[in-house]
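Accompanying notes for the structure given below.
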Amino acid sequence: MIYLIFGYFCIATVGISIVALTRKNPVHAVLGLLLLFLHIAVIYLFLNAEFLAMVQIIVYAGAILVMFLFTLFLLGAKELSSTKRYTSIFEGRVLIGVATMAVIVGAFSLIETKYKGKYTISYIQEIGNTKAVGVLLFNEYPIGVLLIGIILLIPMIAVAVLAWRKNDTS
Amino acid sequence: MIELLGLVIKTFVVFAIVLTHVAYTTYAERKIIGRAQARMGPMEVGPHGLLQPIADFIKIFFKEDIIPMNAEKLLFKIAPLVVLVFTTINLTVIPFTSDFIIADLNIGVLFILASASVAVYGVILAGWSSNSKYSFLGGIRSASQVLSYEIALGLSLAGVVLMAGSLNLREIVYAQHKTAFGIYAIPQIIGFVVFIIAAFAETNRAPFDLPEAETELVAGYLTEYSAFRYALFFLAEYIAMYVMASICTLCFLGGWTIPKFITDFLPFLEKVPGIVWFAIKVYAFIFLYIWIRATFPRYRFDQLLSIGWKVLIPAGIINIFITAFIKRFAL
Amino acid sequence: MIPLEAYLVLAGLIFSIGLINLLISRNMIILFISVEVMLAGVNLMLVAMAHYMNDIRGHVLALFSIAVTAGSVAVGLSLLVAYFNLKKSIDSEELRELRERLDG
């Protein structure tokens, strides 16, 4: 049963990502991406990463994809779909891409893991996934958290500067 | 197998109860607003108009289903379902009493925030796929409103999560029952006020019903919808009201419990089943929704956004700081 | 128990699909979307590794990567809007102001 569900999600993720990226209308592409992220969130649940699954949905679906949609609406989605879809020399690039894909997939299917950390599944089940991530995050990576705060603050200023329009009425 | 069957039955029970509640909330809304405006409200169908919601539902389901010629047909059809599904899904994580809950998730609060952020797409899609200016403006307005207020909602809930030390809604209620006041609405008063205002905006209700402001936008993103698809949006709105009322009850008003100092004073109240307290609190919140709709004028859109970004979000952040400080040093 | 390789191959496939599309597409919105797909693949691999190596640090890294993505997308899209206002186009092949003029 679990294999069946997992198989569905594998096929669906790959299928959706192909479908999403080949849409002519960017709005459809963004919606396909939304569907892809929902499926990936479910795959995270297979991996006992419930907190990350929810964060994935909240951040990607709730913030990033809406940002994409707003940008599309701002630019006028109807005109965008009329521009040319692919680059003029795309056969060679597809070849490079497929070669990279073969290397990546081939290499990944041969990976063996010897290392085992101390955060076993029973430990995570005991204190809960969210708490385990939180304890690790704030005890081992406090500087990382601060840096993320700064990294999120700077784009905010940058976007405000980029989107600033001078008042011409004066 | 038996377990699965039990789950299905539970789901049906919850869904049936919520649907009945939604039907009669529309009736209650019309009656209460009628009283507030010194008129009778519906009186024709049945005694005191009690059968009015049933008549309305029969009527709306037999109307003609119109799809505009220039609409994006598929998205136009999917949009109401997206809204309905992702609001109804919230009912699965809400504990109605200490042992009646469909799925006892460890991350209940996050789940609710996540499904709220997906439900926005239904509204955006409804606005975009209708291919009409009014719908589109309504959809965009609704999206920016819901997204801005979702931040405030999340921040106000973060204070509660900090105090309870858990994201599980059931454990939040238990942790609340242990405190001196018995409810988080008193120690988390800033969070409580922020939550209530954000909940009104999140569900697109008056005084923040900008997306469907009929004087400016005809009916917002609902303009092109008719019959049954319109009814689905309507259903989703009322279910969202109930979900928000339940979250408020669970996170700030003690869920199915009542504060200890009341039961110490009046011990016979402990015999009352928890679902009664839960229902009373939820009904009170729904009444607040209707009451405010009857009394407050609608805000302007820029006022709405500046309340969200300049008042509620800073208040929520300050609330988190204070809560964290107290939790770390005073307790 | 689903083997680790299944997740890794899935992550690799998603990453590569994004990569191929990044190479061949010329609509800049689609380019951004391809980058998102690639990052989804990377995050999936981090989480899968975290699960099978009993080390939850992978979750923390994925969390950081999600946060950084949010910031970078915001800047990227606002640059895109500024560029569109200048050029009225979002074709990536129109971005050739700085190249050497071949005709002298």
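Just so it is clear, none of the values below were taken in a lab; they were calculated from the coordinates. Note that the coordinates shown come from a computational prediction; the quantities given were computed from them, not determined experimentally. We place every Cβ from the backbone using ideal geometry, glycine too, and count neighbours over all the protein chains shown.
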Review point. How would you rank B:37-47, C:86-96, highest first, on the average number of other Cβ atoms within 10 Å across their residues?
Key: C:86-96, B:37-47
Exercise for review: Take every Cα pair under 8 Å in chain C that's 6+ residues apart, average their separations, divide by the length, and report that relative contact order as a whole percent.
Suggested key: 27 percent
Check your understanding: Among rounded, prolate and oblate, which fits segment A:19-78 when a ≥ b ≥ c are the square roots of the eigenvalues of its C-alpha gyration tensor, a/c under 1.5 means rounded, and a/b larger than b/c means prolate?
Key -> oblate
Revision key, fill the gap. FRET efficiency (A:Glu140, A:Thr120; Cβ distance; R0 22 Å; to 0.05) is 0.80
Exercise for review: Let me see the pair-distance distribution of chain B: every alpha carbon pair, 10 Å bin width, integer percents in order.
Suggested key: 6, 24, 33, 26, 10, 2, 0
Point to revise | Cβ neighbours within 10 Å from other chains - mean over A:20-32 | key: 5
Review point. Based on the alpha carbon coordinates of the protein assembly as shown, what radius of gyration and maximum Cα-Cα distance (Dmax) apply, in Å?
Key: 25.6, 96
Check your understanding: With charges only on Cβ, +1 for K and R and -1 for D and E, what is the dipole size of chain A about its Cα centre, in debye, rounded to 20?
Key -> 380 debye
Review point. Per residue of C:84-92, what is the mean number of Cβ atoms on other protein chains within 10 angstrom of that residue's Cβ?
Key: 3
Review point. What FRET efficiency would be calculated for the residue pair A:Tyr3, A:Ile157, taking the C-beta separation as r and a Förster radius of 41 Å, to the nearest 0.05?
Key: 0.25
Exercise for review: Compute the signed sum of charges (Lys and Arg +1, Asp and Glu -1) over the other residues within less than 13 Å, Cβ to Cβ, of C:Leu61.
Suggested key: -1
Review point. Given labels modelled 7 Å from the Cα in the Cβ direction, how far is it in nm from B:Met40 to B:Ala324?
Key: 5.9 nm
Check your understanding: Using the membrane-span-like helix rule (whole DSSP H runs, Cα extent along the own axis of at least 20 Å, mean Kyte-Doolittle hydropathy at least 1.0), which helices of chain B qualify?
Key -> B:2-36, B:73-88, B:108-129, B:133-164, B:227-252, B:274-295
Review point. Per 10 Å bin, what is the whole-percent P(r) computed from every C-alpha pair distance within segment C:11-104?
Key: 15, 34, 29, 15, 6, 1, 0
Practice item. Once you have the Kirkwood Rh of segment B:1-62 from its Cα pairs, apply Stokes-Einstein at 25 °C and 0.890 mPa s and quote D in µm²/s. Key: 182 µm²/s
Check your understanding: Between B:Ile33, B:Ile2, B:Phe61, whose Cα lies farthest towards the positive end of the dipole of segment B:1-62 when Lys and Arg beta carbons carry +1 and Asp and Glu beta carbons carry -1, centred on the Cα centre?
Key -> B:Ile33
**Study point:** Listed peptides C:17-27, A:15-25 by packing density, highest first (mean Cβ within 10 Å)
**Key:** C:17-27, A:15-25
**Study point:** chain A: DSSP helices with Cα axial extent of at least 18 Å and average Kyte-Doolittle hydropathy no lower than -1.0
**Key:** A:2-21, A:26-46, A:90-109, A:142-162
**Study point:** Cα-centred dipole magnitude for the protein assembly as shown, charges only on beta-carbon of K, R (+1) and D, E (-1), debye, nearest 20
**Key:** 620 debye
Revision key, fill the gap. Rounded to the nearest 0.05, FRET efficiency between C:Ser92 and C:Met1 (Cβ-Cβ, R0 45 Å) equals 0.55
Point to revise | Rg and Dmax of chain A, Cα atoms only, in Å | key: 21.1, 69
Review point. Taking the Cα-to-Cβ direction at B:Glu270 and at A:Trp164 and moving 7 Å from each Cα, how far apart do the two end points lie in nm?
Key: 6.4 nm
Check your understanding: Per-residue mean of other chain beta-carbon atoms within 10 angstrom of the beta-carbon, peptide B:100-109?
Key -> 2
Exercise for review: Going by C-beta contacts inside 10 Å, put C:His51, A:His28 in order with the fewest on the left.
Suggested key: A:His28, C:His51
